[in-house]
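What follows is one structure encoded as structure tokens, with my remarks underneath.
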Amino acid sequence: MKKHFLSSFLVLSLAICSSCAVEKKEITPTKPTVIETIKTIKVPAVSLEEQVSQTHKLGIIGEVEPVYFLPMKKAILSRIDTGAATSSIDAQNINLFEREGVKWVSFDVVNKKNGETHHFEKRVYRQTAIKRQKESEERIVVLMTIKMGDEKITTQFSLADRSKFDYQGLIGRNVLKGRAIVDTALSKTLY
């Protein structure tokens, strides 16, 4: 009943309004309307690559990238792993020692591709347990300076035996966060 009444009232109101003579005046705005203002705003077209390069200095990188472990002269191909919190490097001849009451470590990094070897001595930054399916592994973490693309980065690397892996370096979130977007369909974009 209410619906019928409301629809009848609406029809009657429209009929009365249509019979009324209303003088139409043309409105000429003195200031541009909001719509005209929006139409005149020019937004520069920025590609995804440009947006990424403005916020992430390394840009879009692939699943495997060259990394220079300074002061080494040749890059070591490294796996990019967004699932790893901390990066790691294949280290050989790891020896812990003390220097003035502080823990230090010496180790060698040998580039499997060209044989370049560098002996490092670094202060132990921390030790961490890496959990594996079958067992846990204790690893030493040091600060390493690397170069990826044009970026020099000093950050934590765990020392690991990566001789069984295809890639001697593993780059984790501590390097990637805020610096790169990873597209696993790509590879070696930083050469």
Can you confirm whether the range 110-121 contains a residue that is within 24 Å of I61 (Cα to Cα), touching a residue at least 60 places away in the same chain (Cβ under 8 Å) and not in a strand (DSSP E or B)?
no
So, restricting to strands (runs of 3 or more DSSP E) that lie completely within the range 58-103, which ones have at least 1 residues that are out of contact with any helix residue (DSSP H, G or I) (no Cβ under 8 Å at 6 or more places or on another chain), more than 21 Å from G172 (Cα to Cα) and modelled with pLDDT of 95 or more?
92-99
Qualifying residue in the range 147-154 (condition: buried (at least 18 other Cβ atoms within 10 Å of the Cβ), closer than 28 Å to L58 by Cβ and over 24 Å from the mean Cα position of the chain (by Cα)):
no
Could we say that I130 is part of a strand (DSSP E or B), under 25 Å from the mean Cα position of the chain (by Cα), at pLDDT below 95 and of a type outside the set (S, T, Y) here?
yes
Restricting the search to the range 97-141, which residues are among the hydrophobic types (A, V, I, L, M, F, W, C) and either surrounded by 12 or more Cβ atoms within 10 Å (Cβ to Cβ) or in contact with a Gly (Cβ under 6 Å, 6 or more places away or on another chain) (or both)?
W104, V105, F107, V109, V110, F120, V124, I130, I140, V141
Within the range 155-165, how many residues are under 18 Å from G83 (Cβ atoms) and either crowded, with 17+ Cβ neighbours inside 10 Å or modelled with pLDDT of 95 or more (or both)?
6
Going residue by residue through the range 168-178, is there one that turns out to be touching a residue at least 40 places away in the same chain (Cβ under 8 Å), over 20 Å from K113 (Cβ atoms) and aliphatic (A, V, I, L, M)?
yes
Does V34 satisfy the criteria of being β-branched (V, I, T) and modelled with pLDDT under 65?
yes
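The values are calculated or read from the model by the stated rules, or taken from the named source; none is laboratory data. Nothing here was measured: the structure is a model prediction, and the numbers come from that model. Because the Cβ atoms are built from the backbone with ideal geometry, glycine has one as well, and the counts that use them run over all protein chains shown.
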